[in-house]
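Some notes on the structure that comes next.
Readers should treat all values here as calculations from the given coordinates under stated rules, not as data from a laboratory. Since this is a predicted model, take the numbers as computed values, not measurements. So basically every Cβ, Gly included, is an ideal-geometry build from the backbone, and we count neighbours across all protein chains shown.
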Amino acid sequence: MALDERKLKILQAIITDYIATAEPVGSRTIAKKYDLGISSATIRNEMSDLEEMGFIIQPHASSGRIPSDLGYRLYVDKILRRQKLCDEDKKIVNTMINRNVNQIQYLMDETARLISKMTNYTAIFSEPVVKNTKINKIRLMSLNDTDLMIIMAAEGNVIRNKIVSVNYMPNEYTLYELSTVINDLMHGEIIENINQDTVDKLFSELNGYDEIASLLMSFIDELSKSSGMGKLHFSGTNNMLAFPEFSDVEKAKSLFKTLEKTDSLTNLLSDNKGGDLQIYIGNETGIEEMKDCSIVTTTYEFGDNITGTIGILGPTRMDYSQVVSVLSSMVENIEGVLNDLEDKKKDDS
């Protein structure tokens, strides 16, 4: 059964008020706060119909109503209007992008921080996945007597690093010399296409340092097999504690444990392959511990080879209009700046 305009306006009023107050909404509240031109008795009757249809629920016998997942879904699909970023927010976004534009992974980290700050929700982003990408530079750096950091700069300003344990740590000068040898051999190589001939040459050139050569090739192999979704990062997870939905300590712990595991969340975010915004509401996530949460996600693409996912996690009563606006505007601005830079590089070469 389709909803007429009056029922849609009442549902919108309930959702708007519940997002703002986290309190069940009654017919008198709607009559007083929203100019719908109808009496509270008429609103009450319409609310009964909405409840029968499953768009709102009554959490307690004497309380008002709150939206159901179905109600939020109808709101998102049929009623939602995207807000525009104010000039001040646009300026903040552009400043952040231009300050961090030369390092994509750090840029996405800063983007997540800004999104979390602007929305007061939790921002999620995956490390950029780079396909068919050339190695620009590899560096070996000792952290202590046993821990060695391998740093790889790939095409597209993407940095990857890994800390590995070694039985013997060369001195700094030797690590510099080894890095030079590695770069002479592997600069310009496409990660996915490194063959056995290159591997054999690496072990030959690093004669006496087989352990480091093995660890480096293991790292490169990991990168070549990583596809679809990079490692997830979060910003503002503690923001969830500010919402009454997670005032229960055990409930909050359960949510945070789910975020730490990331497997279920990674599978969910991997479903977004088309670049459009995806909104998962409550039970739509398929994750029991997140039944009181909603997630809005989109993919980002830079050039031909770099992709990733960024999203916002909040309670089901999140301000969807604000979230959609901030997320889409952020990605559009970042993609625009980075793709313009890529085009400029091509023109200059």
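Determine the alpha carbon to alpha carbon distance for each of Lys78/Lys117; Lys7/Lys33; Lys134/Lys201; Lys117/Lys257; Lys231/Lys257; Lys33/Lys253 and list only those over 25 Å. If you can, show how the numbers build up before the last one.
On the way: Lys78/Lys117 28 Å; Lys7/Lys33 16 Å; Lys134/Lys201 18 Å; Lys117/Lys257 22 Å; Lys231/Lys257 16 Å; Lys33/Lys253 37 Å.
Pairs exceeding 25 Å: Lys78/Lys117; Lys33/Lys253.
Long-range amide H contacts for Ile56: which residues qualify at under 5 Å (H placed 1.01 Å from N, peptide plane, sequence gap of 5 or more or a different chain)?
Glu51, Ser68
Between Met217 and Asp200, with labels modelled 7 Å along Cα→Cβ, what's the label distance in nm to one decimal, could you check?
Distance between label points: 1.1 nm.
Magnitude of the Cβ-charge dipole of region 135-225, K/R +1 and D/E -1, about the Cα centre, nearest 20 debye? Spell out each step's value before the answer.
Values: 6 positive and 15 negative charges, 58 e Å.
With Lys and Arg at +1 and Asp and Glu at -1, about 280 debye.
Between Glu5 and Lys33, what is the FRET efficiency for a Förster distance of 30 Å, r being their Cβ-Cβ separation, to the nearest 0.05? Could the numbers behind the result be given before it?
On the way: r = 19 Å, r/R0 = 0.62.
Here the calculated transfer efficiency is 0.95.
Compute the distance in nm between two label points, each set 7 Å from the Cα along the Cα-to-Cβ direction, one at Thr95 and one at Glu52.
5.6 nm
Going toward the positive end of the dipole of region 5-79, with +1 on Lys and Arg Cβ and -1 on Asp and Glu Cβ, which of Pro59, Gly71, Asn45 do you reach last?
So the residue furthest toward the plus end is Asn45.
Relative contact order for the chain: what percent, with Cα pairs under 8 Å and sequence separation of 6 or more? Please list the in-between numbers first.
Numbers: 515 pairs, mean separation 65.1, N = 349.
So the answer I get is 19 percent.
Taking Lys137 as the anchor, which lysines have their alpha carbon closer than 17 Å to its alpha carbon, excluding any fewer than eight residues away along the same chain?
Once the sequence-local lysines are set aside, what remains near Lys137 is Lys162.
If you take every residue apart from Ile151 with its C-beta less than 12 Å away from the C-beta of Ile151, what net charge results, scoring Lys and Arg +1 and Asp and Glu -1? Don't skip to the end; give the middle numbers.
On the way: positive: Lys137, Arg139, Arg160, Lys162; negative: none.
Around Ile151, the charge tally is +4.
Taking the Cα centre of the chain as origin and charging only Cβ (+1 Lys, Arg; -1 Asp, Glu), how large is the dipole, in debye to the nearest 20? Each step should come with its number before you reach the end.
Details: 37 positive and 53 negative charges, 302 e Å.
Using Cβ point charges on Lys, Arg, Asp and Glu, the chain gives about 1460 debye.
Determine the sum of side-chain charges near Asn161: Lys and Arg each +1, Asp and Glu each -1, restricted to other residues whose C-beta is under 15 angstrom from that of Asn161. Please list the in-between numbers first.
Details: positive: Lys137, Arg139, Arg160, Lys162, Lys231; negative: Asp109, Glu127, Asp147, Glu222.
Once positives and negatives cancel, what remains is +1.
Using only Cα atoms, find the angle between the long axis of helix 320-348 and the longest principal axis of the chain, and express it within 0 to 90 degrees, rounded to the nearest 10.
Taking Cα atoms only, the helix is inclined about 30 degrees.
Would you mind classifying region 5-79 by shape? Square roots of the alpha carbon gyration tensor eigenvalues, ordered a ≥ b ≥ c; an a/c under 1.5 is rounded, otherwise it is prolate if a/b is larger than b/c and oblate if not. Don't skip to the end; give the middle numbers.
Numbers: a/c = 1.29, a/b = 1.12, b/c = 1.15.
Note, shape of region 5-79 comes out rounded.
Evaluate the distance, in nm, between pseudo-label points positioned 7 Å from the Cα of Ala61 and of Val166 along their respective Cα→Cβ axes.
Output for this residue pair reads 7.3 nm.
Using the Kirkwood radius built from alpha carbon pairs, what does the Stokes-Einstein equation give as D for region 135-225 at 25 °C and 0.890 mPa s, in µm² per second?
Details: Rh = 13.2 Å.
Result for D is 186 µm²/s.
Report ³J(HN,Hα) in whole Hz for each residue of region 170-185, in order, from the Karplus equation J = 6.51 cos²θ - 1.76 cosθ + 1.60 where θ = phi - 60°; Gly and Pro get x.
Per-residue couplings from phi come out as x, 6, 4, 5, 5, 4, 5, 5, 5, 4, 4, 4, 4, 5, 4, 8 Hz.
Once you list every other residue whose beta carbon is under 12 Å from the beta carbon of Ser48, what net charge do they have if Lys and Arg are +1 and Asp and Glu are -1?
Details: positive: Lys7, Arg44, Arg65; negative: Glu46, Asp49, Glu51, Glu52.
With Lys, Arg at +1 and Asp, Glu at -1, the neighbours total -1.
With r defined as the distance between the Cβ atoms of Thr42 and Ala20 and R0 fixed at 25 Å, what FRET efficiency is calculated, to the nearest 0.05? Write down the numbers at each step before the final one.
Working: r = 23 Å, r/R0 = 0.93.
Step by step, r from the Cβ atoms, then E = 0.60.
Mind checking which of Asn207, Thr309, Leu36 is farthest towards the positive end of the chain's charge dipole, using Cβ charges of +1 (Lys, Arg) and -1 (Asp, Glu) about the Cα centre?
It is Leu36, whose Cα lies furthest towards the positive end.
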